[in-house]
Number of protein chains: 2
Amino acid sequence: MYPVKAYAAASSSSDLAPYSFERRDLLADDILIDILYCGICHSDIHVVHNDWGGAQYPVVPGHEIIGKVKAVGSGVTKFQPGDTVGVGCLVDSCQDCDSCHSGYEQYCSNGNTGTYNAPDKISGGYTKGGYSDKIVVKESFVLRIPDNLDLRAAAPLLCAGITTWSPLKHWNVKRGDKVGIIGLGGLGHMAVKFAHAMGAEVTMITTSPEKGADARKLGADKILLSNDPVAMKQHSHSFDFLLNTIPVGHDPNPYIMLLKRDATMVFVGALEPLRDLNSRLLIGKRKNVAGSLIGGIRETQEMLDFCGQHNIVSDVEVIAMQDVNKAYERVMKADVKYRFVIDMSTL
Amino acid sequence: MYPVKAYAAASSSSDLAPYSFERRDLLADDILIDILYCGICHSDIHVVHNDWGGAQYPVVPGHEIIGKVKAVGSGVTKFQPGDTVGVGCLVDSCQDCDSCHSGYEQYCSNGNTGTYNAPDKISGGYTKGGYSDKIVVKESFVLRIPDNLDLRAAAPLLCAGITTWSPLKHWNVKRGDKVGIIGLGGLGHMAVKFAHAMGAEVTMITTSPEKGADARKLGADKILLSNDPVAMKQHSHSFDFLLNTIPVGHDPNPYIMLLKRDATMVFVGALEPLRDLNSRLLIGKRKNVAGSLIGGIRETQEMLDFCGQHNIVSDVEVIAMQDVNKAYERVMKADVKYRFVIDMSTL
């Protein structure tokens, strides 16, 4: 057992404050990681505030974790002390169902184990995440971080990165495809970078000309203002793929109109009902809408290796742990380009 | 020019009544067909009543047409007088776009020509359909009907058949798949027959135990009552494919729950907004929803050949032309198992 310093939300308040606890000793396949950086994901805030129910206080959030291996269990073969590693949204799954066998641990039929606030099948408690100086994670859920990446800016790859990478790859986005990224936030800015690096012709679809200009700097080739009906009509039936990162319920029909025959729009942000999706629009040209959840471990490693080759990281604002509550307020106002990352040396 | 007897709706009334007009002489690639039978599709009623707008009276409905070739144009090579043929929902398309080249004339980028009430690119008027003694159709939109089929019961294959066949084939339904057919009407009853003949394990999903029992006679292996929440929960995440034939807007979420990871539900009936489709359900297991519109000419011929091999036809009630207005009333009350077919000798 070793002592862990963390920032956590207690049940009496959703603010985060210093917290310490004991963490289990290493099992044979465990890796002890000294955390260097942890990104702030909007879902951290939802859990801390118990927006989705089920918060098990004290909640130690954080699933965009970068660190150095401190120690390894007796059976660990792929990592050694000193390695730079990452941990994303998952720390366990059954590893015995069809989804796990296919490398899609996030869709585990027996329920994956989230990095925080999830029932921990090993300890019996609830998992605690990356706003902490240490974490213990099973070897098969630890990722290798390419040496050339800025480690602070690599942290958000573990959630915002893989959440957009996975659908772009699964739906086979390729060179020359006309790809639209809807919404420019933490997810959208990674999607623009990835789709651009994959060789697609990238259109940022947004209501904001300013965000459009920002997206160009990230790699977008074109801007389409979704509140301009003439422009939207000009792009009818023209997109090979749409990635919809809007984080709230909305009217999906104007976007569906943009899809080519047989093309797909994938939702990665909206966890709420959509307004009056018109199946006539799907029927008219055999269009598809789908959803996608983060990504599996194998594809997360592929994404990280791709980022190493193409020197892709997130655009981040690094903060001290003491500023995390202020950062939460800014995230809720969408006032960040595009991800806060906590420097854990300030803990 | 030759005289044509038909039943048509005039602008002053949506009832159908005898009507006669002159039809153009044959062009080189035209086929003149003596119509034997024509099915009644619910969309006939919508157009006659101008429910969707755009009705061009007099409307001669009918796009489930079976007949005999009476004469052929000078350039026709695939058909000769006496052949038994069919005409479905399409009589023309640009035949020069990506969709047409792919055999998907129904999705023609330049707009297909429907069998009735559509601008006729050749005559300049509006097409007139199968409630008629004759029709002239371009060779490439005429289908061959297998000799062994009951011609009266084959008529609905041209719309209800292909509308359900096309998505079952496109989404690769195969032996052993767990397939759910939602709704038992003209479309649903064909879907049950096809999915059964393809070797799938077919579940009829309906609110009505009586319809469930009827579906068993058509080939369904199992019944799932969608208003039984316990049964619905037992089938969560278990279907490889769902074909949704519900003809009106509805809550799609309980059905989405039934899909396996990566599986698809296809809408073929609802031309209206769906209620609050929850993208969280799509995201949770990378599920898909899509739409599908009738089918192309090549796949319609494949469907007809399959029907010949497996002796599949629709379950029909044959009526005289004079009873068509009464039949419309019964269709609107869903009081038909499962398709009315007009015997054109009564015209």
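Computed values, structure above
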item: Every residue from the range B:88-110 that is assigned to a loop (DSSP other than H, G, I, E, B), within 13 Å of chain A (Cβ to nearest Cβ) and surrounded by fewer than 22 Cβ atoms within 10 Å (Cβ to Cβ); result: B:C97, B:S102, B:G103, B:C108, B:S109, B:N110
item: Every residue from the range B:76-86 that is within 19 Å of B:T113 (Cβ to Cβ) and either out of contact with any Gly (no Cβ under 7 Å at 6 or more places or on another chain) or modelled with pLDDT under 95 (or both); result: B:V76, B:G86
item: Among (1) outside the structural domain of A:H46 (by TED's automatic domain parsing); (2) surrounded by fewer than 24 Cβ atoms within 10 Å (Cβ to Cβ), the one test that A:D120 misses; result: (1)
item: Checklist (1) β-branched (V, I, T); (2) part of a loop (DSSP other than H, G, I, E, B); (3) crowded, with 24+ Cβ neighbours inside 10 Å applied to B:T77, failing item; result: (3)
item: Test: residue in the range A:32-49 that is charged (D, E, K, R) and either over 22 Å from A:R339 (Cα atoms) or in a loop (DSSP other than H, G, I, E, B) (or both); result: no
item: Qualifying positions in the range A:111-161 - part of a strand (DSSP E or B), within 18 Å of A:G296 (Cα to Cα) and of a type in the set (A, V, I, L, M, F, W, C); result: A:V137, A:L143
item: Flag for B:G67 being in contact with a helix residue (DSSP H, G or I) (Cβ under 7 Å, 6 or more places away or on another chain), modelled with pLDDT of 95 or more and either buried (at least 21 other Cβ atoms within 10 Å of the Cβ) or not hydroxyl-bearing (S, T, Y) (or both); result: no
item: A:G114, sole failed condition from (1) within 16 Å of A:L293 (Cβ to Cβ); (2) crowded, with 23+ Cβ neighbours inside 10 Å; result: (2)
item: Conditions (1) in a helix (DSSP H, G or I); (2) facing chain B (nearest Cβ under 7 Å); (3) among the β-branched types (V, I, T); number of the one not met by A:V324; result: (2)
item: Condition met for B:Y126 (hydroxyl-bearing (S, T, Y), touching a residue at least 60 places away in the same chain (Cβ under 8 Å) and crowded, with 24+ Cβ neighbours inside 10 Å); result: no
item: Qualifying residue in the range B:171-184 (condition: closer than 23 Å to B:V47 by Cβ and modelled with pLDDT of 95 or more); result: yes
item: Sole exception among (1) loosely packed, with under 15 Cβ neighbours inside 10 Å; (2) within 14 Å of another protein chain (Cβ to nearest Cβ); (3) in contact with a Ser or Thr (Cβ under 6 Å, 6 or more places away or on another chain) for A:A28, by number; result: (2)
item: Check on A:V268, modelled with pLDDT of 95 or more, in contact with a Pro (Cβ under 7 Å, 6 or more places away or on another chain) and not basic (K, R); result: yes
item: Residue count for the range A:279-318, restricted to those that are touching a residue at least 60 places away in the same chain (Cβ under 8 Å), within 30 Å of A:L347 (Cα to Cα) and either more than 14 Å from every other protein chain (Cβ to nearest Cβ) or aromatic (F, W, Y) (or both); result: 15
item: Given (1) surrounded by fewer than 20 Cβ atoms within 10 Å (Cβ to Cβ); (2) modelled with pLDDT of 95 or more; (3) closer than 25 Å to B:S314 by Cβ, index of the condition B:D228 fails; result: (3)
item: Number of the condition not met by A:K260 [criteria: (1) closer than 23 Å to A:Q234 by Cβ; (2) touching a helix residue (DSSP H, G or I) at 6+ places or on another chain (Cβ under 8 Å); (3) at pLDDT 95 or above]; result: (2)
item: Selected residue (criterion: farthest from the chain's Cα centre (by Cα)) from residues of the range B:331-345 that are farther than 15 Å from B:G188 by Cα and not in a strand (DSSP E or B); result: B:S345
item: Residues of the range B:130-155 that turn out to be closer than 15 Å to B:H63 by Cβ and hydroxyl-bearing (S, T, Y), as a count; result: 2
item: Residue within the range A:247-263 that is more than 13 Å from chain B (Cβ to nearest Cβ) and among the charged types (D, E, K, R) present; result: no
item: Selection count where residues are hydrophobic (A, V, I, L, M, F, W, C), closer than 26 Å to B:T84 by Cβ and out of contact with any helix residue (DSSP H, G or I) (no Cβ under 7 Å at 6 or more places or on another chain), scope the range B:11-40; result: 6
item: The range A:277-302 - residue that is small (G, A, S) and over 29 Å from the mean Cα position of the chain (by Cα) and, of those, surrounded by the fewest Cβ atoms within 10 Å (Cβ to Cβ); result: A:G284
item: Residue count, the range B:307-342 (criterion: over 23 Å from B:D214 (Cβ atoms) and not small (G, A, S)); result: 7
item: Hits in the range A:247-267 (condition: touching a Gly at 6+ places or on another chain (Cβ under 7 Å) and surrounded by 22 or more Cβ atoms within 10 Å (Cβ to Cβ)); result: A:L258, A:V266, A:F267
item: Looking only at the range A:264-278, and only at residues there that are in contact with a strand residue (DSSP E or B) (Cβ under 6 Å, 6 or more places away or on another chain) and at the interface with chain B (Cβ under 8 Å from one of its Cβ atoms), the one that is nearest to B:N253 (Cα to Cα); result: A:P273
item: Single unsatisfied condition, A:T164 versus (1) assigned to a helix (DSSP H, G or I); (2) away from chain B (no Cβ under 14 Å); (3) out of contact with any Asp or Glu (no Cβ under 8 Å at 6 or more places or on another chain); result: (2)
item: Single unsatisfied condition, A:Y37 versus (1) modelled with pLDDT under 95; (2) under 15 Å from A:K134 (Cβ atoms); result: (1)
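Here is a yes/no grid of residues against (1) on the phi > 0 side of the Ramachandran plot; (2) charged (D, E, K, R):
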{"site": "B:H101", "(1), (2)": "no, no"}
{"site": "B:G111", "(1), (2)": "yes, no"}
{"site": "B:D120", "(1), (2)": "no, yes"}
{"site": "B:Y131", "(1), (2)": "no, no"}
{"site": "B:D147", "(1), (2)": "no, yes"}
{"site": "B:I182", "(1), (2)": "no, no"}
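The values are calculated or read from the model by the stated rules, or taken from the named source; none is laboratory data. Quick caveat, the model's predicted, so the values are computed rather than measured. Here Cβ is always computed from backbone atoms with ideal geometry, including for glycine, and neighbour counts include all displayed protein chains.
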